[in-house]
Amino acid sequence: MSFVNLPFFWFMVAPLAIFTFLILTHKDEFLQIFDKKVLERLSVGDDALPLVWRNLIMILAIFFMIVAMARPVVDHGDKIIELEGLSAVVALDISGSMRSTDVYPNRLEFAKKKITTLFDAMPTDELGLMAFAHVSFMMAPFSADKATLTQIIKGISDEYINMASTDFRALSSFASELLAQKHPKILIVFSDGGEPKDMLEFSKKIQSEGIILYVVLVGSKEGSPVLGSDGKPIYNKGKIIITQRNDTLGEIARKSGGAFVVASSGNGDIYKLVKRIKSKHQGKNKGEIVIHNREEYFYYPLGLGLLFLLIGFSSLPRLTYKMGRFVV
C-alpha cells in the first residue's frame with residue numbers, strides 16, 4: 001500500500017505528533033489558557049470516559065482523517081486500454097443550393113438532422129466537423145463529445161449559406177490536411193452534389209491522398225428553385241434557376257472504396273451507411289492509452305476517523321453500583 005499524497009501525510013502527522021506529546025505531558029499548562037469557570041462549563045460532569053482517553057480518541061480521529069486525505073491506494077501497475085472507434089471528418093455543404101425546399105424544410109436543415117443522427121449512430125467514434133462551399137473551414141476539431149458537436153451543428157443557420165458555387169477541390173485539399181495523421185482516412189460528406197467539371201478533379205485528389213469517401217446525398221433528382229436569403233427564387237436571364245441532386249458524387253465515393261446513400265425520411269439511411277463504414281473498417285482502433293491502475297482505500301480510515309470523532313464528542317454516563325444494581 002502507498003499514499004498518493006505522501007508529502008501531505010508527513011506534513012500533517014508531524015505537527016499532530018508534537019501536539020499529542022504536549023497535550024499528554026503538559027496538560028496543566030494547557031488548562032491555564034482557559035478561565036476556571038469557562039472550563040467548568042465546557043467540561044462534562046459525571047463522565048465515565050477519563051479526559052486522557054477522550055483526548056486520545058480525538059487525536060486518533062484526526063490521525064485517521066489525515067490518513068484518508070493522504071489517499072491510501074493499492075497500486076496494480078499500468079494498464080493499456082484500447083480505444084475502439086474510428087476517426088472521420090464530417091463535411092456539410094453550405095452552398096446556395098442548400099436553401100432549396102425539395103426536402104422539408106430545406107436541404108440544409110434536412111442535412112443537419114441527418115448529421116445528428118450520424119452522431120447518435122457513432123457514439124464512440126472521433127469526428128471532426130467542417131463546412132464547405134466556395135471555401136472550406138473547420139467548425140469543430142476531432143472529438144468524441146457528440147453533445148458538443150450536436151450543439152455546433154444546430155447553430156448552423158441560413159446565414160452560413162454562401163451563394164457562390166461549391167468548390168470540391170478546396171474541400172479535398174482541406175480534408176486531406178485534416179486527415180493527414182489518421183488511418184484510415186474517412187471523409188463523410190453531406191451534400192446535394194456539385195458541378196460535373198469539378199467532380200473529376202475531386203475524385204483524383206481523394207484517390208491520390210488515400211481518402212475513403214462516404215456520401216449522404218440530399219435533395220431530389222427533379223430539382224427545386226434556388227432561393228435567395230429573402231426566400232424568393234433566383235433568376236438568371238429571366239428564368240428561375242433550378243438545382244438538382246447530382247449523384248456523380250456517390251459514384252466517386254464508390255470508386256474511392258466508400259459508399260453513398262440518398263437521404264430519405266427516417267433514420268434507416270444513416271444507420272445503413274454507418275453499418276457499411278463499420279464493416280469495412282472493423283478492427284481498426286483509434287489507438288490506445290495507458291492508465292495507472294490503482295485501488296482507493298481512503299474510505300476505511302475516513303470511516304474510522306468519523307467513528308472516533310463521534311465517540312470523542314459523546315457524553316458517556318458514569319455507572320455506579322448501589323443497593324444491588326447499577327445506576328447512572
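The values are calculated or read from the model by the stated rules, or taken from the named source; none is laboratory data. As the structure is a prediction and not an experimental result, all values here were calculated from the model. Cβ placement follows ideal geometry from the backbone for every residue including glycine, while neighbour counts extend to all protein chains displayed.
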Members of the stretch 196-230 that are touching a residue at least 40 places away in the same chain (Cβ under 8 Å) and not hydrophobic (A, V, I, L, M, F, W, C): Pro196, Ser203, Gln207, Tyr214, Gly219, Ser220, Glu222, Gly223, Ser224, Pro225, Gly228, Ser229
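One line per residue, one yes/no per condition, for (1) modelled with pLDDT of 95 or more; (2) assigned by TED's automatic domain parsing to the domain that holds Asp192; (3) over 18 Å from Asp269 (Cβ atoms); (4) crowded, with 20+ Cβ neighbours inside 10 Å:
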position: Glu109; (1), (2), (3), (4): yes, yes, no, no
position: Ile115; (1), (2), (3), (4): yes, yes, no, yes
position: Thr124; (1), (2), (3), (4): no, yes, yes, no
position: Leu129; (1), (2), (3), (4): yes, yes, yes, yes
position: His134; (1), (2), (3), (4): no, yes, yes, no
position: Ala144; (1), (2), (3), (4): no, yes, yes, no
position: Gln151; (1), (2), (3), (4): yes, yes, yes, no
position: Ile156; (1), (2), (3), (4): no, yes, yes, no
position: Ile161; (1), (2), (3), (4): no, yes, yes, yes
Checked the stretch 248-269 for anything buried (at least 16 other Cβ atoms within 10 Å of the Cβ) and not polar (S, T, N, Q); matches are Leu249, Gly250, Ile252, Ala253, Gly258, Ala259, Phe260, Val261, Ala263, Asp269
Number of the condition not met by Asp230 [criteria: (1) loosely packed, with under 15 Cβ neighbours inside 10 Å; (2) under 36 Å from the mean Cα position of the chain (by Cα)]: (2)
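To keep it simple, each residue is scored yes or no on (1) modelled with pLDDT of 80 or more; (2) of a type in the set (A, V, I, L, M); (3) exposed (fewer than 11 other Cβ atoms within 10 Å of the Cβ); (4) touching a His at 6+ places or on another chain (Cβ under 9 Å).
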residue: Phe8; (1), (2), (3), (4): yes, no, no, no
residue: Leu24; (1), (2), (3), (4): no, yes, no, no
residue: Val38; (1), (2), (3), (4): no, yes, yes, no
residue: Ser43; (1), (2), (3), (4): no, no, yes, no
residue: Asp47; (1), (2), (3), (4): no, no, no, no
residue: Leu60; (1), (2), (3), (4): yes, yes, no, no
residue: Met65; (1), (2), (3), (4): yes, yes, no, no
residue: Ala70; (1), (2), (3), (4): yes, yes, no, no
Regarding Tyr271, is this residue at pLDDT 85 or above and more than 27 Å from the chain's Cα centre (by Cα)? no
Taking the stretch 198-220 only, how many residues are farther than 17 Å from Leu92 by Cβ, out of contact with any Leu (no Cβ under 8 Å at 6 or more places or on another chain) and outside any helix (DSSP H, G or I)? 2
What is the one condition in (1) surrounded by fewer than 20 Cβ atoms within 10 Å (Cβ to Cβ); (2) in contact with a Lys or Arg (Cβ under 7 Å, 6 or more places away or on another chain) that Tyr104 does not satisfy? (2)
Test Ile277 against the stated conditions and say whether it is within 30 Å of Lys79 (Cβ to Cβ) and among the hydrophobic types (A, V, I, L, M, F, W, C). yes
